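Remarks on the structure that follows.
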Amino acid sequence: PEDIRVYEFAEKINRPISDVIKVLFSLGLMMTKNDFLGSDEIEILSEEFGVEVTIVDPKDAFNYEEDMAETIDENATKRPPVITIMGHVDHGKTSLLDAIRKAKVTEDEAGGITQHIGAYTIEQHGEAITFIDTPGHAAFSQMRQRGTDVTDIIVIVVAADDGVKPQTDEVIKLAKESEAPVIVALNKMDKESANPDMVKGQMAERGLNPVDWGGDIEFIPVSAKTGMGIDDLLENILLTAEVLELKANENAMAKAAVVESSLEKGRGAVATVIVQNGTLKVGDYVVCGSAYGRIKALIDENKKQIKSLKPSHTAVVVGLNEVPSSGEIMMAMKSDKEAKEYAQKRHEYDRNKELSHSTKSTLEDMTSMI
Ligand code: GTP
Ligand code: MG
């Protein structure tokens, strides 16, 4: 809390310094622009100016993650939307993505069950759209908790013959919390037992009202099997994205989010990332949590080596010294030294956190013993 000075606070809330000082004076606090604000003062000021303030743990101060708002400047240009496909097991998420890519992902997967998240970029009428296929919601929740969620639009897949199921409910909850716009894909419409009105009714009961019922949620009938409705779905995604006015600066230092990572034979630690800002390039020094390295290769979803990766695009990064966790942020650094330093600090921080956890549990154990 003692981290912020009066002028910094004014900058953050976009108000003249004099306004902030005036309010402080009116409270009997004679402060100048270089004085540090305490948490009480911050609270009062936030109320006075009607802004919401989150006080970041000072231990996080070393963090290399910057606020996206700061890195998106006037040089930002339009970027493609990132779509997360979610839904109940077997409702056809992977098949749908497959139909969209017109490639066969499902068949390669053991038993047709998605073992991991995949991220892919496709093009519709020359416009890119990036999709994330998620087997569960763990990674998604992780990213949300860390505030590194890359999802711009959520597509909830509901099998029209099966309707809303427990995991559909979970997804609805997540979607509401994330505040990302939602599009519902009514899948398996080729089936005779498909009953789109039943699904619409169930979803309306949960506050997701279909546009054709006077609500504001698009329900797109599709069939991953026949390909019916796919174009419609993509058009709707692009329309929704248009309204969001998504932007990023291709020339900034790259910032990307890890959606998946693993240790691969011959390649070492690899991470599938989606670029949030800037352009990630082969040869870049990067830090990613406590991992760091120099990017040796970028491999796109077609297993092709590429030289650079623009905002909202996805590739596998090779060159990290250890496997980062999903939801971690990767940042390009000016030098190997800088990347290493940040990684080192993070490493220490993680270790301290672990230590304080174990101390705490020891104390608890002791108390319970008494
Ligand atoms: P998990 O990743 O396990 O959660 O499943 P998923 O949602 O990715 O479902 P997946 O794409 O694996 O499809 C599940 C089953 O439904 C498979 O047998 C698909 O062939 C079938 N399926 C998917 N979409 C359609 C469709 O539009 N019509 C019909 N008839 N079957 C479909
Ligand atoms: Mg799947």
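Numbers below:
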| read-out | value |
| --- | --- |
| Eligible lysines near K165 by straight Cα distance, threshold 27 Å, same-chain separation 8 or greater | K93, K104, K173, K176, K188, K191, K200, K225 |
| Nearest-10 value in Å² for the accessible area of T226, using the 1.4 Å probe | 90 |
| Three-way shape call for the range 300-347 based on the alpha-carbon gyration tensor, with the a/c threshold at 1.5 | prolate |
| Calculated FRET efficiency for the pair D212/N321, C-beta based, R₀ 51 Å, to 0.05 | 0.45 |
| Solvent-accessible surface (1.4 angstrom probe) belonging to M31, in square angstrom, nearest 10 | 20 |
| Computed lengthening from D300 to L27, 0.36 nm per intervening residue step minus Cα-Cα distance | 92.6 nm |
| Where labels lie 7 Å past Cα in the beta-carbon direction, separation of D232 and I13 in nm | 4.9 |
| Of K33/K334; K247/K334; K22/K247; K307/K334, pairs whose Cα-Cα distance is over 26 Å | K33/K334; K22/K247 |
| Ranking by accessible area, most exposed first, for R15, R5 with a 1.4 Å probe | R15, R5 |
| Extension gain (nm, one decimal) between S46 and E127, 0.36 nm per residue minus Cα-Cα | 25.1 nm |
| With DNA, RNA and ligands ignored, accessible area of R351 (1.4 Å probe; Å², nearest 10) | 140 |
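The values are calculated or read from the model by the stated rules, or taken from the named source; none is laboratory data. Only a predicted model underlies this, so the values are computations on that prediction, with no experimental measurement involved. Virtual Cβ from ideal backbone geometry, glycine too; neighbours counted across all protein chains shown. Quick note on the areas: whole protein, heavy atoms, side chains included, nothing else; ligands and nucleic acids left out. Shrake-Rupley method; radii C 1.70, N 1.55, O 1.52, S 1.80 Å.
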